[in-house]
1. Using the beta-carbon distance between Val117 and Asn2 and R0 = 51 Å, what value does 1/(1 + (r/R0)^6) give for FRET efficiency, to the nearest 0.05?
2. Tell me the relative contact order for region 39-126 as a rounded percent, counting alpha carbon contacts under 8 Å between residues six or more apart.
3. Excluding same-chain residues fewer than 8 positions from Lys24, which lysines have a Cα within less than 17 Å of its Cα?
4. Report the full-extension gain for the segment Lys51 to Arg23: residue separation times 0.36 nm, less the Cα-Cα distance, to one decimal in nm.
5. For region 1-158, what is the Kirkwood estimate of the hydrodynamic radius, computed as the reciprocal of the mean inverse distance between distinct Cα atoms, to one decimal in Å?
6. Highest mean first, how do 81-93, 212-224 rank when packing is the count of other Cβ atoms within 10 Å averaged over residues?
7. Counting only helical runs of four or more DSSP H residues, what would the 222 nm mean residue ellipticity of the chain come to if each run contributes -39,500 (n - 2.57) and the total is spread over all its residues?
8. With point charges of +1 on the Cβ of Lys and Arg and -1 on the Cβ of Asp and Glu, referenced to the Cα centre of the chain, which listed residue (Val115, Ser226, Gly146) lies farthest in the positive direction of the dipole?
Amino acid sequence: MNLQILARATWVTAQKDIRIYYRKAPVFIFGLILPTFLFFAFFVGRELDIKRYFPGFLAMALFFTSSSVGPLIVPWEKQAGTFERLLTYPVSIGTIILGDIIAGALFGITISTIVGVVGIVFLNLEVESVVMLFLAYVLGNLCFSGLGVTLSSPAGRYPANIMMLAALVRFPLIFISGVFVPLSEMSAPGVYISYLSPLTYLVDALNHSLGQPSAFPWPVDLLVLSFFFMLFILSARFILTRKSLKGL
């Protein structure tokens with residue numbers, strides 16, 4: 001398959017996902033309402049420096065929105081019986097995965113950009129590097145959209161089951177990644193555990209771009225996010241390929 005056909009097949013798959021899944025209730029609940037409640041539960045009534053914690057909140061919004069579409073797609077299509085039909089079309093499993101990831105990433109980019117612009121203007125934050133902020137946004141959304149697609153890969157035919165699994169994975173990542181407690185204030189074991197979470201590196205990259213204290217050089221943050229993105233793609237492809245050989 002040449003690049004032009006690959007790009008067209010990927011975009012057609014993404015368009016299909018956008019038309020069908022952006023309006024599903026779980027996407028709004030887990031992608032918009034939940035992170036908003038978490039923000040108010042943590043900040044309201046506490047005398048915290050909102051500018052210091054805003055990059056973490058922005059990373060949390062991006063994380064939830066970009067990873068909210070992917071967990072729905074495969075189980076929903078299996079339940080409707082359309083996933084098997086999709087596999088009969090002249091597209092590979094890798095193309096389907098890329099289309100699903102792009103659909104989730106575009107949703108995350110749209111919502112998190114609104115949150116970011118409103119927060120930066122309202123809080124009068126200074127952006128240290130627009131390029132770094134852009135790269136962190138793109139890589140972060142692709143990475144966590146890939147996480148959502150990976151979580152849905154081994155799923156059965158019931159979307160509710162995979163949404164619960166996704167919540168079990170996403171909540172621990174939120175609490176160990178420096179969103180609510182900066183890495184500089186964590187104990188040594190907590191810091192080492194945070195290194196395992198891709199969200200840690202997005203928070204750090206946003207700290208860099210918004211002029212807040214950071215823990216790693218920004219190229220390290222972007223390289224680790226790229227590594228996790230590739231890891232999620234390969235994991236989803238491996239799982240779906242094995243399941244397709246077994247008849248899903």
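Throughout, read-outs are computed from the coordinates displayed, never taken from laboratory work. Fair warning: this is a prediction, and the values are worked out from it, not measured in the lab. Counting neighbours? That spans all protein chains shown, and the Cβs are built from the backbone with ideal geometry, glycine included.
1. Numbers: r = 38 Å, r/R0 = 0.74.
So, using R0 = 51 Å, E works out to roughly 0.85.
2. Values: 43 pairs, mean separation 38.7, N = 88.
Value for region 39-126: 44 percent.
3. The qualifying lysines are Lys16, Lys78.
4. Details: separation 28, 0.36 × 28 = 10.08 nm, distance 3.24 nm.
Extra length from Lys51 to Arg23 when fully extended: 6.8 nm.
5. On the way: mean 1/r = 0.0599 Å⁻¹.
Result for region 1-158 stands at 16.7 Å.
6. Details: 81-93: 13.2, 212-224: 17.6.
Answer by packing, highest mean first, reads 212-224, 81-93.
7. Values: 12 runs with 184 residues, N = 248.
Helices in the chain give a 222 nm mean residue ellipticity of -24500 deg cm²/dmol.
8. Projecting each Cα onto the dipole axis, the largest value belongs to Gly146.
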